[in-house]
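J.: Okay, handing you the structure first.
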Amino acid sequence: MNKKIIIANWKMNPLSAKEAIKIAKGTDLKGVILCAPTIYLKVIKKVIKKAKLGSQNVSVENPLSGVGAFTGEVSAKMLYDIGSRYTIVGHSERRAMGETNQIINKKIKVLIDTAITPVLCIGEIERDENHEYLNIVKHQIEECLFGLNKNLLSKIIIAYEPVWAIGKNALREATPAEFLEMKIFTKKVLVNIFGDKVEMPAMLYGGSVDEKNTRWFAIDGGADGFLVGRASLDPKKFKEIVKICETLNK
Ligand code: 13P
């Protein structure tokens, strides 16, 4: 069995560098990727020994095309330089702020050019009886990966995060069967785009992941790993999730 990939998405937390260092030290585990706010990456890099570093956003501008005037932006090259090797793109919270599939597509290409692994989030806002949500996810995959060389597909990670299952106000928890359905569907969409010989990217589950549901999403849902929000800020819970994944790795 492939090793599970566990990614912490701290979102806009915590409120101080001191607290960030504390969480990083408490979750510095092998096989884990910590996606912290950009401002904390440098201090976290200094204290982690086992975990890898990731970020939550990147500028769409290609840093290799020269220095430009993009106030407030952080380029992929800057992230690489600071030690970040993974970047979350297309998170539903950023999509809600206006990040389109076209922007995400550009970001994925910029990241790959910079040797940073894009973690592409896909997922519908709601489930409808007519299964329109499948079309929404299909379009996300097609448009976000548009023009990508099929040999590069294995260089990205996909995270299925149904918006209705994210956060403390989630409508309900998703089920492993719902994740598995989406994993099979995603594979079908990718084969349609890239052909049947394509190497599949790892597919993670995200949305209220905790120490109680991890095992079932991995075993019954076939998740290749997890994108963890709230529980990643709690070292005790996060360690438990990692421990469960380690037993499954064996
Ligand atoms: P929660 O685990 O807090 O529901 O967040 C999920 C998420 O959005 C991770 O990217």
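J.: Going through the stretch 1-43 one residue at a time, which ones are of a type in the set (A, V, I, L, M) and out of contact with any Gly (no Cβ under 9 Å at 6 or more places or on another chain)?
T.: Met1, Met12, Leu15, Ala17, Ala20, Ile21, Ile23, Ala24, Leu29, Val32, Ile39, Val43
J.: Filter the stretch 150-183 down to residues that are assigned to a helix (DSSP H, G or I) and either within 12 Å of the ligand (Cβ to nearest atom) or under 14 Å from Gly123 (Cα atoms) (or both), then give me how many there are.
T.: 9
J.: Quick one: how many residues across the stretch 223-250 are away from the ligand (no atom under 15 Å from the Cβ) and either touching a Cys at 6+ places or on another chain (Cβ under 6 Å) or not in a helix (DSSP H, G or I) (or both)?
T.: 2
J.: Determine which member of the set Thr175, Thr247, Thr214 is under 17 Å from Tyr133 (Cα atoms) and either at pLDDT below 95 or of a type in the set (S, T, N, Q) (or both).
T.: Values: Thr247 fails: under 17 Å from Tyr133 (Cα atoms); Thr214 fails: under 17 Å from Tyr133 (Cα atoms).
Residue meeting the stated conditions: Thr175.
J.: Regarding the stretch 187-198, can at least one residue be identified that is touching a Gly at 6+ places or on another chain (Cβ under 9 Å) and either among the polar types (S, T, N, Q) or at pLDDT 95 or above (or both)?
T.: no
J.: For the stretch 199-210, state whether one or more residues are without any contact (Cβ under 8 Å) to a residue 40 or more places away in the chain, within 16 Å of the ligand (Cβ to nearest atom) and closer than 25 Å to Cys35 by Cβ.
T.: So far as the stretch 199-210 goes, yes, one or more of its residues are without any contact (Cβ under 8 Å) to a residue 40 or more places away in the chain, within 16 Å of the ligand (Cβ to nearest atom) and closer than 25 Å to Cys35 by Cβ.
J.: Right, next: Output the residues belonging to the stretch 88-119 that are surrounded by 24 or more Cβ atoms within 10 Å (Cβ to Cβ) and part of a strand (DSSP E or B).
T.: Answer for the stretch 88-119, where residues must be surrounded by 24 or more Cβ atoms within 10 Å (Cβ to Cβ) and part of a strand (DSSP E or B): Ile88, Val89, Pro118, Val119.
The values are calculated or read from the model by the stated rules, or taken from the named source; none is laboratory data. In this text the structure is predicted, and so the values were computed from the model without any measurement. Virtual Cβ from ideal backbone geometry, glycine too; neighbours counted across all protein chains shown.
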